[in-house]
Amino acid sequence: MMNHLHKTIWHKSIDQDNIVCLSLDVPDSKANIITSEVIEALSTELDIVASSSPRGVIICSAKENGFIAGADIKTFAQQHSIDDTFSAIKQVHEVFNRLESLACPTVAIIHGFCLGGGMELALACRYRLADDDPSTRVGLPEVKLGIHPGYGGSVRLIEQIGVIPAMTLMLSGQILSAKAAQKMAVVDQSVPHRYLQKTARELILQQPPKQQASRFQRLLSLKVVRPIVAAVLRKKTADKVKEKHYPSPFALINLWHHQPKDRHDFLTTEALSVAKLIQTDTAQNLVRLFFLQERLKSFAKQSEFHAQSIHVIGAGIMGGDIAAWCALRGLRVTLQDQSAERIAPAIDRAHNLFKRQLKTTHAVRSAMDRLSPDVSGMGISKADVVIEAIFENLDAKQNLLKQIEPQLQTHTILATNTSSISLESLASCLQQAQRLVGLHFFNPVAKMQLIEIVSSDETDQNYAMQAATFARQIGRLPLPVKSAPGFLVNRILMPYLLEAVSMVAENIAIDTIDRVATDFGMPMGPIELADAVGLDICLSVATMLAPELGLEIPTKLESLVAEGCLGRKSGQGFYLYKEGKKQAAHTLVHIGIDRKLIEQRLMLRLINECVCCLSEGIVDDADLIDAGMVFGTGFAPFKGGPMSYLNQQGVQAIIKQLEQLSSSIDSRFTPKTGWEDLL
């Protein structure tokens with residue numbers, strides 16, 4: 001039975017030069033992942049190889065989509081003891097060590113994804129050969145799951161390319177293209193797909209020296225130098241994340257800094273470090289978010305829709321940046337506004353985006369060729385997706401949608417990027433209200449992963465599913481939400497932002513408010529976020545949502561907008577800005593304040609709205625609220641999202657805090673509808 005299992009996983013062939021090729025094909029899986037069965041089967045194959053003395057071994061993948069996507073994360077998440085995890089990792093170590101110590105040369109042929117445990121398997125081979133296709137991606141992104149490489153990767157990568165470049169990759173979780181990986185010596189060569197097997201055989205037959213770190217990099221790993229290098233690495237890492245929030249990068253630095261002299265002990269210490277990290281709340285929450293991300297991706301698999309041409313109407317910041325992003329992702333895009341002069345700034349921003357994202361002049365030029373100004377709207381009748389992205393005004397949007405509708409092809413998705421107007425209101429002017437879908441992007445478009453796929457009761461779900469597929473086509477995560485004031489993300493975010501502004505009006509220092517939020521784990525404070533969004537936009541959205549959600553708009557927000565202080569874009573909001581960078585506080589009054597109370601006021605307004613959204617069915621379940629807030633706003637990922645945080649704190653405890661704040665501060669903290677369903 002075991003032999004049959006092994007043959008199913010690893011397909012073996014031997015050529016005329018006695019070179020063995022082991023091709024991995026995990027059954028019943030679209031991608032190869034490292035499971036205990038894969039490791040057991042590889043162990044058996046290595047026994048056979050060791051006894052047969054071939055000239056070399058090639059390890060590759062039979063899957064079209066890649067080499068190995070990583071380890072079986074689900075199994076890791078289900079291990080509830082350090083000893084169990086440590087034992088499982090040590091089994092992998094034993095097999096990878098045997099692969100590394102084979103007498104004959106070994107080559108890993110990499111195409112598509114080669115990540116995490118897959119990269120660690122490749123590092124155990126003497127040589128690595130990568131397909132130079134753009135789809136090839138290699139890296140060790142384990143820090144994004146709250147751990148670090150555990151299958152020997154941290155030891156081997158440092159030995160191969162040196163501590164500074166290796167740590168740079170591992171501490172950031174950066175993913176490399178084939179060419180970038182070759183430049184950093186993570187892989188030995190990158191060649192066209194048709195030459196992979198031929199080049200692998202040449203490496204085995206010629207046996208060039210194995211790649212290793214430069215002499216300078218090896219000096220940096222000397223015991224006497226390590227404390228200095230480690231201190232620099234800790235400082236750079238601490239500038240980006242807090243150790244109490246994300247312990248894994250600091251654990252990796254400590255692992256290298258205090259490494260045992262014996263390499264075998266170093267590998268054992270690595271395994272134990274990962275076994276401890278996987279049990280932390282941070283790792284458990286980040287692993288959960290990984291699966292939530294996969295769930296969002298699955299919404300795109302319900303349709304085979306594939307767009308080729310996009311038409312965007314409205315060349316402002318949002319519309320122009322949506323058009324630029326779609327062109328960057330390979331689609332033909334026409335961008336419409338009232339004049340060429342209005343479109344020109346969007347084209348300039350697109351060019352800057354392409355230069356940042358693309359590596360060659362040719363690629364930038366090709367992207368620019370895909371983006372065309374279209375004042376007359378000729379692209380509407382040819383587009384697979386038409387996105388309305390003009391200013392937030394119901395009458396203006398309805399007039400535009402009425403003009404668009406007769407020009408559309410039958411299959412075309414008609415979408416609006418509205419952030420607060422209900423689909424029912426917008427669709428009331430259409431002959432076919434069922435075809436209107438919300439595609440709510442977030443600012444900045446090039447960075448924010450989430451797109452809300454908004455449906456009303458009238459929306460044809462085929463169009464909604466196609467819109468989700470389109471979101472994945474341009475590399476974004478689709479979140480299906482019900483049409484309601486503010487949809488999900490803006491509705492939850494607005495009370496949080498307004499509470500921060502209310503505290504400013506109470507003369508609480510704005511930098512204190514923001515620091516409390518970032519100490520909690522938010523990517524930026526609510527005051528700085530409001531400035532980044534634009535205070536005029538915050539006021540506009542708040543005004544639209546206020547009647548439905550019972551929001552009180554602070555006069556401080558209204559007065560700043562009236563004075564023309566709109567935030568970062570105007571150079572002044574709550575903070576002052578110079579060339580887009582925050583300089584100093586607009587109003588800074590230092591008084592004694594309870595930081596825990598600030599945190600409660602911010603987070604409980606947000607969580608209260610989350611519970612209400614769940615009760616109203618804005619999304620299907622609490623997990624999707626967490627996904628929306630993490631991927632749409634950056635809500636403290638290590639906490640797993642607001643609903644996860646609520647469960648960690650306890651429903652009764654949060655209700656009690658809300659009631660206390662309602663009594664001591666204002667009735668806006670009164671628990672909303674939905675809490676009773678959680679008891």
> Which members of the stretch 126-144 meet the condition of being surrounded by fewer than 24 Cβ atoms within 10 Å (Cβ to Cβ) and more than 25 Å from the chain's Cα centre (by Cα)?
Replying inline: Arg126, Tyr127
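Okay, residues lined up against (1) closer than 21 Å to Arg568 by Cβ; (2) assigned by TED's automatic domain parsing to the domain that holds Leu423; (3) modelled with pLDDT of 95 or more:
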| site | (1), (2), (3) |
| --- | --- |
| Lys447 | yes, yes, no |
| Val454 | no, yes, yes |
| Gln473 | no, yes, yes |
| Arg476 | no, yes, yes |
| Tyr496 | yes, no, yes |
>> Quick test of your reading of the structure: Lys183 fulfils all but one of (1) out of contact with any Pro (no Cβ under 9 Å at 6 or more places or on another chain); (2) charged (D, E, K, R); (3) not assigned by TED's automatic domain parsing to the domain that holds Ser36. Name the failing condition by number.
In response: (3)
>> For the structure I just gave you, tell me whether Ser52 is out of contact with any Ser or Thr (no Cβ under 9 Å at 6 or more places or on another chain) and under 19 Å from Asn97 (Cα atoms).
In response: yes
>> Out of the helices (runs of 4 or more DSSP H) lying entirely within the stretch 1-119, which hold 1 or more residues that are surrounded by 22 or more Cβ atoms within 10 Å (Cβ to Cβ) and at pLDDT 95 or above?
In response: 36-52, 82-100
> Counting only residues that are surrounded by fewer than 24 Cβ atoms within 10 Å (Cβ to Cβ) and among the aliphatic types (A, V, I, L, M), which one in the stretch 518-533 is farthest from Gln583 (Cα to Cα)?
Replying inline: Met522
> Out of curiosity, is Lys355 farther than 21 Å from Asp460 by Cβ, under 23 Å from the mean Cα position of the chain (by Cα) and not in a helix (DSSP H, G or I)?
Replying inline: no
> Inside the stretch 192-203, can you point out the residues that are closer than 16 Å to Phe113 by Cα and surrounded by 15 or more Cβ atoms within 10 Å (Cβ to Cβ)?
Replying inline: Leu196
> Looking at (1) over 20 Å from Ser540 (Cα atoms); (2) surrounded by fewer than 23 Cβ atoms within 10 Å (Cβ to Cβ); (3) at pLDDT 95 or above, which is the one condition that is false for Thr410?
Replying inline: (3)
> Within the stretch 64-112, how many residues are among the β-branched types (Val, Ile, Thr) and touching a strand residue (DSSP E or B) at 6+ places or on another chain (Cβ under 8 Å)?
Replying inline: 6
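Working only within the stretch 303-323, note down all residues that are over 30 Å from Lys569 (Cβ atoms) and either surrounded by 15 or more Cβ atoms within 10 Å (Cβ to Cβ) or basic (Lys, Arg) (or both).
Correct list: Ser303, Phe305, Ala307, Ser309.
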>> Given the criterion out of contact with any strand residue (DSSP E or B) (no Cβ under 8 Å at 6 or more places or on another chain) and buried (at least 19 other Cβ atoms within 10 Å of the Cβ), identify the matching residue among Ser298, Ser273.
In response: Ser273
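Only one of these is out of contact with any Pro (no Cβ under 8 Å at 6 or more places or on another chain), surrounded by 14 or more Cβ atoms within 10 Å (Cβ to Cβ), of a type in the set (Val, Ile, Thr) and part of a helix (DSSP H, G or I): Val375, Val364, Val386. Name it. Reasoning before the result, please.
Values: Val375 fails: part of a helix (DSSP H, G or I); Val386 fails: part of a helix (DSSP H, G or I).
Exactly one residue qualifies, and that residue is Val364.
Against the definition (surrounded by fewer than 21 Cβ atoms within 10 Å (Cβ to Cβ) and under 30 Å from Asp15 (Cα atoms)), how does Gln217 come out, yes or no? Show your work before the answer.
Values: surrounded by fewer than 21 Cβ atoms within 10 Å (Cβ to Cβ): yes; under 30 Å from Asp15 (Cα atoms): no.
Considered against the rule, which asks whether it is surrounded by fewer than 21 Cβ atoms within 10 Å (Cβ to Cβ) and under 30 Å from Asp15 (Cα atoms), Gln217 comes out as no.
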> Hey, any hits in the stretch 196-213 for a residue that's at pLDDT below 95 and among the hydrophobic types (A, V, I, L, M, F, W, C)?
Replying inline: yes
> When you look at Leu576, is it touching a Lys or Arg at 6+ places or on another chain (Cβ under 9 Å), surrounded by fewer than 24 Cβ atoms within 10 Å (Cβ to Cβ), of a type in the set (A, V, I, L, M, F, W, C) and free of Cβ contacts under 8 Å to residues at least 40 places away in the same chain, yes or no?
Replying inline: yes
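Test Asp666 against the stated conditions and say whether it is among the charged types (D, E, K, R) and in contact (Cβ under 8 Å) with a residue 24 or more places away in the chain.
Numbers: among the charged types (D, E, K, R): yes; in contact (Cβ under 8 Å) with a residue 24 or more places away in the chain: no.
Here the answer is no, as Asp666 does not meet what is asked.
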>> Are there helices (runs of 4 or more DSSP H) fully within the stretch 233-343 with at least 1 residues that are under 30 Å from Asp83 (Cβ atoms), in contact with a helix residue (DSSP H, G or I) (Cβ under 6 Å, 6 or more places away or on another chain) and outside the structural domain of Ile387 (by TED's automatic domain parsing)? List them.
In response: 247-257, 263-277, 281-298
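Looking only at residues that are β-branched (Val, Ile, Thr) and under 17 Å from Pro141 (Cβ atoms) in the stretch 230-252, which one is modelled with the lowest pLDDT? Quick ask: steps written out before the conclusion?
Restricting attention to the stretch 230-252, the residues satisfying the condition of being β-branched (Val, Ile, Thr) are 232, 237, 241.
Filter once more, keeping what is under 17 Å from Pro141 (Cβ atoms): 237, 241.
Values: Thr237: 97, Val241: 94.
That would be Val241.
Using the structure shown, decide if Ala427 is of a type in the set (Gly, Ala, Ser) and either out of contact with any Ser or Thr (no Cβ under 7 Å at 6 or more places or on another chain) or within 20 Å of Gly567 (Cβ to Cβ) (or both).
Values: of a type in the set (Gly, Ala, Ser): yes; either out of contact with any Ser or Thr (no Cβ under 7 Å at 6 or more places or on another chain) or within 20 Å of Gly567 (Cβ to Cβ) (or both): no.
Considered against the rule, which asks whether it is of a type in the set (Gly, Ala, Ser) and either out of contact with any Ser or Thr (no Cβ under 7 Å at 6 or more places or on another chain) or within 20 Å of Gly567 (Cβ to Cβ) (or both), Ala427 comes out as no.
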> Say we look at the stretch 152-191 and pick out the residues that are touching a Gly at 6+ places or on another chain (Cβ under 7 Å) and buried (at least 20 other Cβ atoms within 10 Å of the Cβ); which of these is nearest to Asn18 (Cα to Cα)?
Replying inline: Leu176
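The values are calculated or read from the model by the stated rules, or taken from the named source; none is laboratory data. Everything quoted here is computed from the prediction, not taken from an experiment. Please note: Cβ atoms are built from the backbone with ideal geometry, for glycine as well, and neighbour counts cover all protein chains shown.
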